[in-house]
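Below is one structure; the comments refer to it alone.
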Amino acid sequence: MSETVYVGNAGIDGAADAGWLLGHFVPPGDVRHSTDVEVKWGVHPAGEARARWATGERRIALLVLISGRFRVELPDRTVVLGAPGDYVVWGRGVDHSWYAERESVVLTVRWPSVPGYQVEPPVRR
């Protein structure tokens with residue numbers, strides 16, 4: 001049953017791929033391979049920011065705060081997630097960026113899983 005069950009640790013497994021645990025980028029044949037959805041366990045030190053805005057988005061995204069204080073910047077508003085469980089959802093075509101106001105852990109789910117969106121590593125402000 002090893003090909004249909006995977007047990008791991010998000011912090012350990014995500015460290016190898018910028019926090020991403022599940023999506024098109026996992027090799028086919030691995031139960032974590034999916035073209036339907038992507039899942040990320042993001043661990044961000046205070047002051048870390050997305051290197052550049054994501055534009056031309058073709059996916060829907062859900063970002064849930066696990067711990068810390070995390071700011072999501074959208075074209076027409078800024079959303080601050082400050083309590084565990086706070087979340088924001090944005091749809092296709094919504095440009096976005098983010099900034100970790102405090103050390104933060106966030107869970108991101110995006111769908112579908114579309115190749116071609118890899119950007120440079122986050123920066124410290």
Taking 0.36 nm per residue of separation between L62 and V94 and subtracting their Cα-Cα distance, the length gained on full extension comes to 10.3 nm
Region 36-118, relative contact order [Cα under 8 Å, separation at least 6], %: 48
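Among D13, D76, D36, which comes first, then next, by fewest other beta-carbon atoms within 10 Å?
The order, fewest Cβ neighbours first, is D76, D36, D13.
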Please report how far the C-alpha centroid of region 29-49 lies from that of region 64-78, rounded to the nearest whole angstrom. 16
Which distance in nm do the two modelled labels at N9 and Y87 give, with both placed 7 Å along the Cα-to-Cβ direction? 2.5
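Coordinate-derived values only; no laboratory data. These figures come from a predicted structure and were not determined experimentally. All Cβ positions, glycine included, derive from the backbone under ideal geometry; neighbour counts span all protein chains shown.
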